[in-house]
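Input: a single structure, listed below in structure tokens.
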Amino acid sequence: MFETEHRLRVRYSETDKMGFVYYGHYATYFEVARVEALRELGIRYADLEDRGIILPVAEYKVRYHKPAHYDEEIRIVTRVNGLPRASIVFHYKAFNARNDLLTTATTVLVFVDAASRRPMRAPDDVLEAMRKHNLS
């Protein structure tokens, strides 16, 4: 298992009339946390794309527990439980500064050859980078 944390602050434009973070913004928050988690593993999205590998989201599940508010700092814990094959699963938990659980989510991304648009196995260098962090 690999786990990392990313913090962000809620901007005013991300809130709705009730003063809560608009639900659609969580997908962006989780994307930012996911990109940073991969970076911490030594994997850069841009490098994969330069090699003709894309990672579209195939599935996104989210559960809202409590609202986040303007100017709150949110801590997102991102976890990967094992080595990917043709897809990789990310698990997220978002917390506020009081450590209240705000949101839980899961995304499934598929490794795809950009030219053929067909799924492919995770590249060997990606697997090796993940093994260095004790993923199996």
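Odds and ends about this structure:
- Residue-count net charge about residue 129 - beta-carbon cut-off 11 Å; Lys, Arg +1, Asp, Glu -1: -1
- Per-residue Karplus couplings for region 126-136, computed as 6.51 cos²θ - 1.76 cosθ + 1.60 with θ equal to phi - 60°, are listed in order as 5, 4, 5, 4, 6, 5, 4, 10, 6, 7, 9 Hz, Gly and Pro entered as x.
- Straight-line cross-link partners of residue 17 among the aspartates and glutamates, defined as a Cα under 18 Å from its Cα and at least 8 positions apart when in the same chain: 71, 72.
- Averaging Cα coordinates gives a centre for region 63-98 and one for region 106-120; these two points are 22 Å apart.
- Considering helices alone, the calculated mean residue ellipticity of the chain at 222 nm is -7000 deg cm²/dmol, with DSSP H runs of length four and up weighted by -39500 (n - 2.57) and normalised per residue.
- Neighbour-count ranking [beta-carbon atoms within 10 angstrom, fewest first] of 130, 120, 18: 18, 120, 130
Throughout, read-outs are computed from the coordinates displayed, never taken from laboratory work. The structure presented is a predicted model; accordingly, all values stated were derived computationally and were not measured. We place every Cβ from the backbone using ideal geometry, glycine too, and count neighbours over all the protein chains shown.
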